[in-house]
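The structure appears below as structure tokens.
The values are calculated or read from the model by the stated rules, or taken from the named source; none is laboratory data. Predicted model only: the values in this text are computed from it and were never measured. A quick note on method: Cβ atoms are made from the backbone with ideal geometry, for glycine too, and the neighbour counts reach across all protein chains shown.
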Amino acid sequence: MSRITTSPESATISWPQVYMGVAFTTMATLLLELAMTRIFSVVFYYHFAFLAISIALFGLGAGGVFSYVIAAQRGPLFRKLGRLSLINAVMPLVSVIFILTRGQELTNTTLAAVYFFSALPFFLAGAIVSLVISETIERINRVYFFDLLGAAGGCLLLIPLLNNFGGPNTVIAAAVLFAAASAIWYNMAGHRTLRAASVAVALLLTVLVVFNTKKHWIDVHYAKGQALDNEIFVKWNTFSRIAVAKEKTSGQTQIVIDADASTGIMDFDVDRLTAEQTRDLTEQGPAFPYLMRPGAKTLIIGPGGGWDVARAIAAGSTDITGVEINPIIATTIMRGEFAWISRNLYRRPGIQIFEEDGRSFVRRSTEKYSVLQATLVDTWASTAAGAFALSENNLYTTDAFNDYLSHLNNDGVLAITRWGFDPPRESVRLLILAREALAQLGETNPQRHVMVIREGSQKDLEGWGARDTVLISRKPFTDSDVERAEGIIAKARFQRIYLPGDGANSPFGQALLAKNLDAWLEQYPFDVTAVSDNRPFFFYTVQPRDLWNFLTTMNKESADYKINRAVPMLFSLVGVSLLATIIILAMPPLLLGTRLPREKGVLRFLMYFLCIGVGYILIQVALIQKFVLFLGHPTYALTVIVFSMLISSGLGSYLSGKYIGDDDGKLMRALGLVTVLVSMLAFTAAPITTALVGLPLAVKMLLTVLLIAPAGFCMGMPFPQGLARLEAFHKPSVRWAWSLNAASSVLGSAAAIFFAIYLGLRETLLIGGALYLGALFVIKTTTQHRSQHVS
């Protein structure tokens with residue numbers, strides 16, 4: 001029997017209030033975690049979103065260990081929970097204020113301070129949940145169900161809160177939920193005064209959200225080392241913070257994404273272009289496809305502020321489709337408050353703008369185009385899945401090029417503009433993607449299908465100023481096409497980088513003409529191998545052989561470091577995660593002044609929680625990335641996958657006592673079934689979603705839930721059943737197991753990206769599923785020890 005049912009605080013425990021207290025706590029925790037990923041991406045850099053997730057999970061684990069200390073103190077349990085929750089109603093405010101005032105470049109000292117302050121609310125949340133779980137083992141199935149149900153609610157709250165109130169206010173909203181949980185605990189403790197105080201704190205925080213939305217007292221005023229003092233409009237959503245700002249030197253109005261990537265708002269009157277404006281539009285690299293195919297039926301992925309649309313119009317196009325993933329840009333700015341700047345460009349006849357992931361739009365489209373264009377589509381805005389989980393990753397894969405080329409007319413061209421470097425990285429990788437995609441379509445002479453021009457000088461190549469525009473044709477370019485291109489290059493003063501007929505005297509020609517492509521790629525100074533939907537990390541260009549050198553000696557001011565800076569962060573976090581797991585294993589004996597468990601099999605049984613913790617997060621991160629294309633938006637993928645996994649896992653937890661109980665055989669069958677179902681997802685999800693991509697969004701969401709739910713249901717059973725067995729085997733280790741499970745999620749979140757980069761998303765799913773076999777092995781090999789101890 002647990003202490004909660006023998007507590008002198010109340011003769012009759014109100015279990016619905018216990019469940020509500022847990023649900024409000026986990027709802028606040030997940031909401032805070034996801035909001036922090038967005039704030040970190042804005043204030044620092046996109047890969048720091050991954051740091052926020054790791055901080056949250058580490059804090060939860062460390063808090064679970066700390067619950068040992070709290071439990072050992074005298075005093076009523078519910079009052080302890082109320083006190084922790086009330087303190088935690090303040091901690092998110094402390095954390096976000098500290099982060100928002102760290103706008104300068106991070107030093108190691110500052111990073112450590114950010115880690116500490118950011119972890120505080122999660123530390124307290126971990127202590128709260130660990131206390132409740134360890135004291136309610138006889139109802140662990142239901143308690144864990146409401147734990148996951150609350151987290152699912154936090155996932156749903158994220159979208160409306162971020163869209164309407166922004167990142168900092170969403171953090172304050174999480175604090176409101178912690179205060180509400182405090183009121184519930186104090187109500188159960190029978191402490192009216194502190195219950196009233198908790199309600200008052202919740203109301204004050206709610207009022208703060210309302211006023212802060214208008215006054216911006218607690219907001220992003222500094223980011224990435226600079227003051228944001230020229231912004232005239234700001235709006236958030238779940239994957240970006242969009243600002244409109246006046247450029248200080250030129251006075252042009254810019255759309256700025258996460259205080260980093262920007263796109264200007266086109267301010268010409270396209271019906272009355274002057275000769276100078278026409279030259280400005282047509283003598284830039286992204287205009288090259290329109291000069292090659294004037295009057296083309298056009299699809300533009302990521303039209304942003306409208307410059308590519310204007311270039312198409314200037315070249316005679318009258319049928320233009322734009323696909324913009326960010327609704328703030330497409331609707332709020334370009335068709336709303338700032339439409340006047342572009343003379344209502346996006347409302348012109350002949351122009352259609354869709355709000356969707358560009359790749360998903362292409363997949364479900366039945367149209368064919370003469371020009372399909374994507375110009376510098378790199379927001380550097382991460383999804384909540386973390387580092388390298390960029391919303392534009394899926395645009396640049398071999399599978400994507402297959403989709404694009406199959407939607408071109410016979411004389412159609414795919415035009416992609418990327419940053420130019422010396423030696424080239426991204427633009428050469430585009431040629432490798434084209435070569436592989438063309439081969440899959442039956443084309444045998446890729447060198448006749450590609451043109452590359454450059455806009456910018458040698459000095460620009462050392463920074464971010466040079467732009468390479470790559471044209472890839474569905475059919476071979478003709479001799480007249482080459483002559484036309486030569487005339488355009490001469491008139492616009494572009495650099496001729498590669499045209500059909502050129503030899504292998506540049507990396508571009510070598511990439512297209514190399515007979516042994518694998519050998520050429522191996523010796524190239526950067527990793528420009530073809531990436532697929534299974535490994536969609538286009539921007540990661542560090543050669544595996546150079547990884548250690550990159551980590552230890554790379555110039556931090558170089559473009560390569562800035563592009564790949566998530567790599568050292570990733571490896572650091574893998575190390576930190578391993579250290580955190582070891583610390584959490586070691587802390588309980590140190591805190592309690594006791595030795596490690598002497599009972600045989602206890603430490604081995606704790607590995608069970610390590611396996612299911614790492615496995616769960618590996619599976620979740622991989623599934624989020626895999627379903628972005630199908631659902632058409634990273635926000636939809638995040639919300640539907642996380643929500644469906646939490647709800648189905650919660651149901652699995654709730655029913656695990658009925659279906660599994662004390663039967664180890666049934667538990668092992670459930671663990672094995674997880675491996676089977678996840679393996680099936682790894683191999684069948686892609687073909688199923690590809691075949692059904694044209695369905696309405698609501699149907700696709702339902703189908704996603706149906707695909708994910710069986711695995712999620714089975715994945716919800718092992719944790720509560722493992723805790724129940726540990727309670728009978730070695731009761732003092734229950735909190736320890738909860739903490740280890742949370743710490744292992746830190747390790748899993750780092751490992752998920754590591755495996756996805758070097759192995760692939762499918763392989764990451766399979767590894768996650770295999771870890772449940774590891775948990776099965778633990779159950780099998782500890783059966784005798786546990787039965788001897790219980791008997």
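Assuming Lys700 fulfils every condition listed in (1) within 30 Å of Arg142 (Cβ to Cβ); (2) basic (Lys, Arg); (3) under 21 Å from the mean Cα position of the chain (by Cα) apart from one, which condition is it?
(1)
Looking at the stretch 136-157, is at least one residue farther than 19 Å from Trp738 by Cβ, in a helix (DSSP H, G or I) and either of a type in the set (Ser, Thr, Tyr) or touching a strand residue (DSSP E or B) at 6+ places or on another chain (Cβ under 6 Å) (or both)?
So far as the stretch 136-157 goes, no, none of its residues is farther than 19 Å from Trp738 by Cβ, in a helix (DSSP H, G or I) and either of a type in the set (Ser, Thr, Tyr) or touching a strand residue (DSSP E or B) at 6+ places or on another chain (Cβ under 6 Å) (or both).
Quick one: in the stretch 166-176, which of the residues that are touching a residue at least 60 places away in the same chain (Cβ under 8 Å) and more than 24 Å from Trp15 (Cα to Cα) is nearest to the chain's Cα centre (by Cα)?
Looking at residues that are touching a residue at least 60 places away in the same chain (Cβ under 8 Å) and more than 24 Å from Trp15 (Cα to Cα), I get Gly167.
Please enumerate the residues belonging to the stretch 237-267 that are touching a helix residue (DSSP H, G or I) at 6+ places or on another chain (Cβ under 6 Å), closer than 16 Å to Phe44 by Cβ and part of a strand (DSSP E or B).
Correct list: Arg241 only.
Please state which one of Ile70, Ile53 is modelled with pLDDT under 85 and over 15 Å from the mean Cα position of the chain (by Cα).
Ile70
Considering only the stretch 337-369, how many residues are closer than 14 Å to Gly304 by Cα and under 31 Å from the mean Cα position of the chain (by Cα)?
Matching residues across the stretch 337-369 total 10.
Specify which of the listed residues (Phe729, Phe777) is in contact with a His (Cβ under 6 Å, 6 or more places away or on another chain), closer than 17 Å to Gly601 by Cα and not assigned by TED's automatic domain parsing to the domain that holds Ser67.
Just a single option satisfies the conditions, and that option is Phe729.
Please go through (1) touching a Phe, Trp or Tyr at 6+ places or on another chain (Cβ under 9 Å); (2) under 17 Å from Thr541 (Cβ atoms); (3) modelled with pLDDT under 95 for Ser391 and return the number of the only condition it doesn't satisfy.
(2)
Being of a type in the set (S, T, N, Q) and farther than 23 Å from Gly716 by Cβ, is that true of even one residue in the stretch 688-703?
So far as the stretch 688-703 goes, yes, one or more of its residues are of a type in the set (S, T, N, Q) and farther than 23 Å from Gly716 by Cβ.
Yes or no: Ile218 touching a residue at least 24 places away in the same chain (Cβ under 8 Å) and under 25 Å from Val309 (Cβ atoms)?
Here the answer is no, as Ile218 does not meet what is asked.
Listed residues Leu281, Leu291, Leu299, Leu273; which is assigned to a strand (DSSP E or B) and either assigned by TED's automatic domain parsing to the domain that holds His407 or not hydroxyl-bearing (Ser, Thr, Tyr) (or both)?
So the residue among Leu281, Leu291, Leu299, Leu273 that is assigned to a strand (DSSP E or B) and either assigned by TED's automatic domain parsing to the domain that holds His407 or not hydroxyl-bearing (Ser, Thr, Tyr) (or both) is Leu299.
Among the helices (runs of 4 or more DSSP H) lying completely within the stretch 717-791, list those that include at least 2 residues that are without any contact (Cβ under 8 Å) to a residue 60 or more places away in the chain, surrounded by fewer than 22 Cβ atoms within 10 Å (Cβ to Cβ) and more than 27 Å from the chain's Cα centre (by Cα).
761-790
Please verify whether Ile232 is among the β-branched types (Val, Ile, Thr), exposed (fewer than 14 other Cβ atoms within 10 Å of the Cβ) and part of a strand (DSSP E or B), treating the condition exactly as stated.
yes
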